[in-house]
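What follows is a short report on a single structure.
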Amino acid sequence: MIVFEDISKIYTRKGIQSKALENINLHVNTGDIFGVIGFSGAGKSTLIRLINYLEQPTSGKVYIEGTDLGTYGKKELRSVRKQIGMIFQHFNLLESKTIFQNVAIPLILEKKGKDEIKQRVAELLKFVGLSEKAESYPKELSGGQKQRIGIARALATNPSILLCDEATSALDPKTTDSILELLKRINREYNITILMVTHEMSIIQKVCNRVAVMENGRIIEQGDVLEVFGNPQHDSTKSFVRMILSDQLPEGVRQQTEADLGSYACVIPFDQQKTNVLINELIKKFNISVNLLFASMNEIQGQTIGYVTLKLSGDQESVDQAAVYVKNHIGDVQEVHAG
Amino acid sequence: MMETTVTMQQFNQAIIDTFYMIGVSLLIGSLIGIPVGILLVVTRPGGILENRIIFKVLNPIVNMIRSLPFIILLVAIVPFTRLIVHTSIGTTAAIVPLVVYIAPFIARLVENSILEVNDGIIEAAKSMGATPLQTIWHFLLPESLGSLVLSLTTALINLLSATAMAGVVGGGGIGDLAINYGYQRFDSFIMLVTVIVLIILVQLMQTIGNRLASKARHQR
């Protein structure tokens, strides 16, 4: 378990202080795939580096399995780092060494025997599916292959935590998906806790079970991915959700709706059970017709979330009553105004 | 035109002297310059072994020696040369100023070569729990090897040109031959020969340096 307790990080350069992180409290449970999402400059890179203490907090504490990292000396910190693997946006492989040597490096640092290194590296290369590249050099590999090697290297010492710093940001969407699949497999098969920072919502959507949203050095929302993105509170969070899910009507549909006076249109969050019930009730209770104008849906954690746009039409009085009914039963109603 | 007062034996001796001077100076200069270059990288602010005192002492010393032209250095440190090799004239005596001249030069080149290594590599090393020494040995040096080889090639060529001035302290070598015979005694033949030899030597050194550097970088 990783716990951040009241973390602040202040950089001082030429007497000018800038706050990189402010009052960060965070719990990452063992076995989580925890995502930290934020736009650039939000402080996510600093945050992830606190876990292996590449960055030290100005105030507050970082606990790994119950121990405050601040109490460790340099030597102890080095041995903690061996239990925490890290992969990077630009891979950071040694260009001068073969793939075999790159993966072997953490073991060489631990002064393991030659045979043991050979066996372990072969095992790791097989796991990431690049056994045949052992004698190649990094520059002969594609971006996705380089990241696989980065992952193999990070896993060499059997860490219990894997940190991913924008690990797929330099990769194309297809390669990103294959890397994400690999990360999921690592999480599942080795029960390694994964913490990833990213600015891409689709990554959180595809692999994470928990998420923290960052803005200006603060965590503005955190919790289960479904909870946070199913019901976003802050503007920043909403804009991330919009990357995978639009809650806005396309212009064409909007114009059509506006031309259509005498009816009521609104956007409501989609809910697998409730939305159907609501539509049935509207039709039965108010004797009006309900049309589905537009819907935007996606899947998070096996659950469908999204927004649907309903148009209620019929005689004016019933439509008005139905509109009130909708507003009373659904928390988050966005009206589409006519004219 | 083809007539010369220089014997073949003199010429051979000059070549041997040159190689002796640049070889020994490069070796000792590297033994001093490479560690100093590494220290300049790791002790600088933000370095992996940040140390204000060492950096603030080494950095100006390197600059100070580097600001002296070789010919000035050569004569200025005669007392020091005498202290080290108990003589101030001859080929061996020329090696002392050559080392003093080239070591800071190598240090600066090595520093620049290692600074070229991507910060991400250092961060990766830290994240693996590498000690500072392991970071230098397993990460910084291998990653900058190609560039280091080129740096040493540049140092070697610089040494070759510096040895031409070693004649001032009776250091001998092909440069000395060109000045003493080619210039002072109007021996145009030996002048031409030394120029050609020097050009060939520099070409050879640079070509070999480039090859070794490519090999270190695994370029085909």
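Some notes on this structure:
- Per-region count, the range A:189-228, residues assigned to a helix (DSSP H, G or I) and either at pLDDT 95 or above or of a type in the set (A, V, I, L, M) (or both): 7
- Test for A:Leu310: is it modelled with pLDDT of 85 or more and under 31 Å from the mean Cα position of the chain (by Cα): yes
- Boolean, A:Thr30 is more than 14 Å from every other protein chain (Cβ to nearest Cβ), free of Cβ contacts under 8 Å to residues at least 24 places away in the same chain, within 21 Å of A:Leu162 (Cβ to Cβ) and of a type in the set (Val, Ile, Thr): no
To keep it simple, each residue is scored yes or no on (1) surrounded by fewer than 19 Cβ atoms within 10 Å (Cβ to Cβ); (2) touching an Asp or Glu at 6+ places or on another chain (Cβ under 9 Å); (3) closer than 19 Å to A:Ser239 by Cα.
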position	(1), (2), (3)
A:Phe294	no, no, no
A:Gln303	yes, no, no
A:Leu310	no, no, no
A:Asp320	yes, no, no
A:Ala323	no, yes, no
A:Gln334	yes, yes, yes
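- Of the helices (runs of 4 or more DSSP H) entirely within the range A:67-136, those holding at least 3 residues that are facing chain B (nearest Cβ under 9 Å) occupy A:74-81, A:99-109.
- With respect to (1) under 14 Å from the mean Cα position of the chain (by Cα); (2) closer than 21 Å to A:Arg49 by Cα; (3) surrounded by 18 or more Cβ atoms within 10 Å (Cβ to Cβ), the lone exception for A:Ser169 is condition (3).
- In the set B:Leu73, B:Leu40, B:Leu68, only one residue is in a helix (DSSP H, G or I) and at pLDDT below 95; that residue is B:Leu73.
- The residue that is nearest to the other protein chains (Cβ to nearest Cβ), among those in the range A:53-63 that are of a type outside the set (Ser, Thr, Tyr) and farther than 30 Å from A:Gly144 by Cβ, is A:Gln56.
- Among the residues listed as B:Val197, B:Val168, B:Val149, the single one being in a helix (DSSP H, G or I), under 24 Å from B:Tyr101 (Cβ atoms) and within 14 Å of another protein chain (Cβ to nearest Cβ): B:Val149
To keep it simple, each residue is scored yes or no on (1) modelled with pLDDT of 95 or more; (2) part of a loop (DSSP other than H, G, I, E, B); (3) under 25 Å from B:Leu140 (Cβ atoms); (4) out of contact with any Asp or Glu (no Cβ under 6 Å at 6 or more places or on another chain).
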site	(1), (2), (3), (4)
B:Val36	yes, no, yes, yes
B:Pro45	no, yes, yes, yes
B:Phe55	yes, no, yes, yes
B:Arg82	no, no, no, yes
B:Thr87	no, yes, no, yes
B:Ala94	no, no, no, yes
B:Ile106	yes, no, yes, yes
B:Asn112	yes, no, yes, yes
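- Scanning the range A:288-307 for residues that are touching a Ser or Thr at 6+ places or on another chain (Cβ under 8 Å) and among the aliphatic types (A, V, I, L, M) turns up A:Ile288, A:Leu292, A:Leu293, A:Ala295, A:Met297.
- Looking only at the range A:313-338, residues that are assigned to a loop (DSSP other than H, G, I, E, B) and either touching a helix residue (DSSP H, G or I) at 6+ places or on another chain (Cβ under 6 Å) or basic (Lys, Arg) (or both) come to 2 in all.
- Count - residues of the range A:267-303 that are touching a Leu at 6+ places or on another chain (Cβ under 6 Å) and either free of Cβ contacts under 8 Å to residues at least 24 places away in the same chain or more than 21 Å from A:Met201 (Cβ to Cβ) (or both): 2
Conditions tested, residue by residue: (1) touching a residue at least 40 places away in the same chain (Cβ under 8 Å); (2) loosely packed, with under 14 Cβ neighbours inside 10 Å; (3) among the small types (Gly, Ala, Ser).
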position	(1), (2), (3)
B:Val149	yes, no, no
B:Ala155	yes, no, yes
B:Ser161	no, yes, yes
B:Ala166	yes, no, yes
B:Gly171	yes, no, yes
B:Gly182	no, no, yes
B:Ile200	no, yes, no
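- When B:Leu58, B:Leu40, B:Leu74, B:Leu68 are checked against the criterion of being surrounded by 20 or more Cβ atoms within 10 Å (Cβ to Cβ), of a type outside the set (Phe, Trp, Tyr) and within 11 Å of B:Tyr101 (Cα to Cα), a single residue qualifies: B:Leu74.
- Residue satisfying condition, being exposed (fewer than 15 other Cβ atoms within 10 Å of the Cβ) and either under 24 Å from A:Leu47 (Cα atoms) or at pLDDT 95 or above (or both), within set A:Lys139, A:Lys126: A:Lys126
- Which listed residue, of B:Ile136, B:Ile122, is closer than 30 Å to A:Gly85 by Cβ, more than 11 Å from chain A (Cβ to nearest Cβ) and buried (at least 17 other Cβ atoms within 10 Å of the Cβ): B:Ile136
- Only residues that are assigned to a helix (DSSP H, G or I), touching a residue at least 24 places away in the same chain (Cβ under 8 Å) and surrounded by fewer than 17 Cβ atoms within 10 Å (Cβ to Cβ) were counted across the range A:233-255, and they come to 2.
- When B:Asn180 is tested against (1) away from chain A (no Cβ under 14 Å); (2) assigned to a helix (DSSP H, G or I); (3) within 20 Å of the chain's Cα centre (by Cα), just one condition goes unmet, and that condition is (3).
The values are calculated or read from the model by the stated rules, or taken from the named source; none is laboratory data. Worth saying up front: this structure is predicted, and the values here are computed from it rather than measured. Cβ: placed from backbone, ideal geometry, glycine included. Neighbour counts: every protein chain shown.
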